[in-house]
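S.K.: First the structure, then my questions, so here it is.
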Amino acid sequence: MGRPRKPTAVLELTGAFRKNPQRKRTEPPATGPLGVPPEHFTGEQAVVWHELAAVCPPGVLTRADRVLVEIAVVLMLRFRKQGTYMRRGYFNLLVSVLSRMGMSPADRSRVGIVNAGG
């Protein structure tokens, strides 16, 4: 598996484009805040949605991440109900989804933060 791509803003700060200007790429803009849980969620799912949104590093989740957070909510509830009896594939998927949301010390060093002003 290859190394994760660095956000354009990080590359710009490190001066990577001075030497290799062809590396600069346009990243899609943030689409707004994560927002409230979907209407089809149960009360229990909505609680987990708010919990994940609260513990995720500020500025990481946007409206574009709603589907990812929905998946995390469903898997998190399954983990809480089944615990160690949860199938390994589901457990690994939960860890992967949480990783993409910057939920471990190593992952936080790799996620991009969305500027609240733009």
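S.K.: Restricting the range 47-61 to residues that are surrounded by 15 or more Cβ atoms within 10 Å (Cβ to Cβ) and modelled with pLDDT of 90 or more, which is farthest from Pro28 (Cα to Cα)?
M.R.: Val48
S.K.: Among the residues of the range 66-92, write down those that are farther than 21 Å from Ala46 by Cβ and either among the aliphatic types (A, V, I, L, M) or within 16 Å of the chain's Cα centre (by Cα) (or both).
M.R.: Across the range 66-92, the qualifying residues are Met86, Asn92.
S.K.: Right, another one. In the range 26-40, how many residues are more than 20 Å from Met103 (Cβ to Cβ), surrounded by 10 or more Cβ atoms within 10 Å (Cβ to Cβ) and not small (Gly, Ala, Ser)?
M.R.: Our first condition is that a residue be more than 20 Å from Met103 (Cβ to Cβ); within the range 26-40, this holds for 26-29, 31-32, 36, 38-40.
Those left that are additionally surrounded by 10 or more Cβ atoms within 10 Å (Cβ to Cβ): 27, 29, 31-32, 36, 38.
Filter once more, so that each one left must be not small (Gly, Ala, Ser): 27, 29, 31, 36, 38.
Total meeting the criteria: 5.
S.K.: I'd like to verify a number: residues in the range 1-23 that are assigned to a loop (DSSP other than H, G, I, E, B) and modelled with pLDDT of 75 or more, how many?
M.R.: Of the range 1-23, the ones assigned to a loop (DSSP other than H, G, I, E, B) are 1-7, 15, 20.
With the extra rule that they be modelled with pLDDT of 75 or more, the set shrinks to 15, 20.
The qualifying residues number 2.
S.K.: Quick check on the range 97-109: of everything there that is surrounded by fewer than 13 Cβ atoms within 10 Å (Cβ to Cβ) and under 13 Å from the mean Cα position of the chain (by Cα), which residue is farthest from Cys56 (Cα to Cα)?
M.R.: Among residues in the range 97-109 that are surrounded by fewer than 13 Cβ atoms within 10 Å (Cβ to Cβ) and under 13 Å from the mean Cα position of the chain (by Cα), the one farthest from Cys56 (Cα to Cα) is Ser109.
S.K.: Tell me, yes or no, whether the range 35-53 has at least one residue that is acidic (Asp, Glu) and part of a loop (DSSP other than H, G, I, E, B).
M.R.: Yes - at least one qualifying residue is present in the range 35-53.
S.K.: Name every residue in the range 54-113 that is without any contact (Cβ under 8 Å) to a residue 60 or more places away in the chain and charged (D, E, K, R), in order of residue number.
M.R.: Arg63, Asp65, Arg66, Glu70, Arg78, Arg80, Lys81, Arg87, Arg88, Arg100, Asp107, Arg108
S.K.: A follow-up question, please. Sort through Glu70, Glu27, Glu39, Glu44 and tell me the only one that's at pLDDT 95 or above and under 27 Å from Arg3 (Cα atoms).
M.R.: Being at pLDDT 95 or above and under 27 Å from Arg3 (Cα atoms) holds for just one of Glu70, Glu27, Glu39, Glu44, which is Glu70.
The values are calculated or read from the model by the stated rules, or taken from the named source; none is laboratory data. Small disclaimer: the values here were computed from a predicted structure and weren't measured. Backbone-built Cβ (ideal geometry, glycine too); neighbour counts: all protein chains shown.
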